[in-house]
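Beneath this line is the structure, given in structure tokens, with notes to follow.
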Amino acid sequence: MGVRVLVSGGSQGIGRAVIERLSEDGYQIVNFDLKPPERLLPGEQYFFVDVSNEAALREALRKALADGPITRLVNNAGIVRPQPIEDITTDDLRAVIEVNLSASIICAQALMPGMKASGNGRIVNITSRAALGKTERIAYASSKAALHGFTKALALESGMHGITVNAVGPGPIATELFTRVNPPGESKTKRILETIPLGRMGLPSEVAHIVASLLDIRAGFVTGQVVYVCGGMTVGLAS
């Protein structure tokens, strides 16, 4: 059996692009998602999982690991719930944290023994440029900023075992999720496009390329980093 990788939220958007790239690269893929993919790719195994349900997530991890260790992890599953501060409820905050942060920690925890045994584990957390700040993204930005902290803390804790932990922060990427919360033609969507130095939306495949690079066994000296795939948008914020 080849190298196994777990991708959460792998049935659409960035997660699907990641799985497509990893399938091409020859990985054996475990896809955790509420929605099944339109078709399974070579080497892909799909599990119906609600990652916000801790008991269900831990059971799915147990079943997936029964087939052997998983030494690559892409924590991609996420939800947004865009709202101004006045409208956020504790239920909203809890829901976003459970999916975006808690599930990522639980997955890493479950896979850690196999990664330690391999001596070359790789974890990539999909965060967001919004972690640097974005209006009506209080819960989402907070959860993604927390994921940055998790990335750096776990990188320090697991480095002695040859495990690298990094984050990839996409900027505006042409996915179903982006379109749903930023409808085409709206003034706020136009403003976003105007702030991208490269003058276009990013592609899911461009995010997948960076993820695949960080998962590679040859990327063993990069850890604790946040790589923004944002068309230069984070640079523009500093100018």
Q: Check off (1) buried (at least 16 other Cβ atoms within 10 Å of the Cβ); (2) touching a residue at least 24 places away in the same chain (Cβ under 8 Å); (3) under 22 Å from Leu73 (Cα atoms) for Ala145 and give me the number that stays unchecked.
A: (2)
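Being touching a Gly at 6+ places or on another chain (Cβ under 7 Å) and under 19 Å from Asn125 (Cβ atoms) is the requirement here; does Gly15 meet it? Walk me through it before giving the result.
On the way: touching a Gly at 6+ places or on another chain (Cβ under 7 Å): yes; under 19 Å from Asn125 (Cβ atoms): yes.
Criteria met by Gly15.
Out of Pro37, Pro42, I need the residue that is exposed (fewer than 14 other Cβ atoms within 10 Å of the Cβ) and either of a type in the set (Lys, Arg) or assigned to a loop (DSSP other than H, G, I, E, B) (or both). Which one?
Working: Pro37 fails: exposed (fewer than 14 other Cβ atoms within 10 Å of the Cβ).
Result: Pro42 is the single residue among Pro37, Pro42 that is exposed (fewer than 14 other Cβ atoms within 10 Å of the Cβ) and either of a type in the set (Lys, Arg) or assigned to a loop (DSSP other than H, G, I, E, B) (or both).
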**Q.** Looking only at segment 24-59, and only at residues there that are out of contact with any helix residue (DSSP H, G or I) (no Cβ under 9 Å at 6 or more places or on another chain) and among the small types (Gly, Ala, Ser), the one that is nearest to Leu215 (Cα to Cα)
**A.** Gly26
Q.
Restricting to segment 1-32, name every residue that is among the acidic types (Asp, Glu) and either part of a loop (DSSP other than H, G, I, E, B) or in contact with a strand residue (DSSP E or B) (Cβ under 7 Å, 6 or more places away or on another chain) (or both).
A. Asp25
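Which of the residues spanning segment 180-213 are touching a Ser or Thr at 6+ places or on another chain (Cβ under 7 Å) and in contact (Cβ under 8 Å) with a residue 24 or more places away in the chain? Full working, then the answer.
Start the filter on segment 180-213 by keeping residues that are touching a Ser or Thr at 6+ places or on another chain (Cβ under 7 Å), which leaves 182-183, 204.
Pro204, the sole residue that qualifies.
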**Q.** Subset tally (residues that are of a type in the set (Val, Ile, Thr), more than 12 Å from Gly13 (Cβ to Cβ) and not in a helix (DSSP H, G or I)) for segment 155-209
**A.** 6
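Just so you know, all these numbers are worked out from the coordinates, no wet-lab data involved. This is a predicted model, so every value here is computed, not measured. Backbone-built Cβ (ideal geometry, glycine too); neighbour counts: all protein chains shown.
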